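Trainee: Sharing a structure with you now.
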Amino acid sequence: MSVIVGPFRLSPEFFTPTRLKYQCAVLGCDGDCCSGGVTATLYEVARIKAHADELQAYLVEPYDFDTWDIAHPSDIGTPVLYEEKPTQQCWFQRANRLCALHSLALDQAMPVPAIKPFFCLFFPLTLIDLDINVTEIAVDGKAYETCLVPSDTETYLFKEFEQELRRVIGDANYDELLRRYPD
């Protein structure tokens, strides 16, 4: 059963005891979540393309933004570098495994959401449509393959993803979760 806090519905997986830990918070992000590129909307592509020239300096290899395949608007992904190879990655992933879009935004003092796709901003969380007009915040399935690793101690995923949940649901709602689920 979902947990509701404030206006947010959270997936039961956040409140099931688990022996997983969020390695990115402990060891730092290795960017594996970006290996196959990410989903983007036409609007997000347009925002990124508006910064095409500025982005080139951040990329591992130059990218011709005119070749970005947006023929199927419901199935757009970020371009992938080294496609079909073990080293494949999102074209916007830098040599240091950080995001070129995020880096550009910080360097130019622009809000990161002004250029970075929603998928990236929300990851490792995702939205799941349960029913019409009923959406739940959950852990993205890709996080189980990339960010979550076995742990010796038992915990709850809502505690592992504290920073991300606080960013999405706010401090007051997260503090309410801590009161309701202290251990």
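No value in this document is a laboratory result; all are computed from the given coordinates. Please read these numbers as outputs of a predicted model, since none were measured by experiment. Glycine gets a Cβ as well: all are built from the backbone with ideal geometry, and neighbour counts include every protein chain shown.
Trainee: Can you give the percent of C-alpha pairs in the range 15-148 whose distance is more than 19 Å?
Mentor: Roughly 54 percent, rounded to a whole number.
Trainee: Please report, in debye to the nearest 20, how large the charge dipole of the chain is about its Cα centre when each Lys and Arg carries +1 at its beta carbon and each Asp and Glu carries -1 there.
Mentor: It comes to approximately 380 debye.
Trainee: R0 = 35 Å: FRET efficiency of TYR181 with GLN88, Cβ-based, nearest 0.05?
Mentor: Numbers: r = 39 Å, r/R0 = 1.10.
E(calc), rounded to 0.05, equals 0.35.
Trainee: Which aspartates and glutamates have a Cα less than 14 Å from the Cα of LYS49, not counting those fewer than 8 places away in the same chain?
Mentor: Hits, sequence-local ones excluded: ASP64, ASP66, ASP69.
Trainee: Just want the answer: with Cβ charges of +1 for Lys and Arg and -1 for Asp and Glu, which residue in ILE4, SER103, LEU20 is farthest toward the dipole's positive end in the chain?
Mentor: Going by the Cα projections, it comes out as ILE4.
Trainee: Which one of TRP68, LEU125, PHE92 is farthest out on the positive end of the charge dipole of the chain, using unit charges on Cβ (Lys, Arg +1; Asp, Glu -1) and the Cα centre as origin?
Mentor: Working it through, the farthest residue towards the positive pole turns out to be LEU125.
Trainee: With +1 on each Lys and Arg Cβ and -1 on each Asp and Glu Cβ, and nothing else charged, work out how big the dipole of the range 39-122 is about its Cα centre, in Debye to the nearest 20.
Mentor: Rounded to the nearest 20 debye, it is 340 debye.
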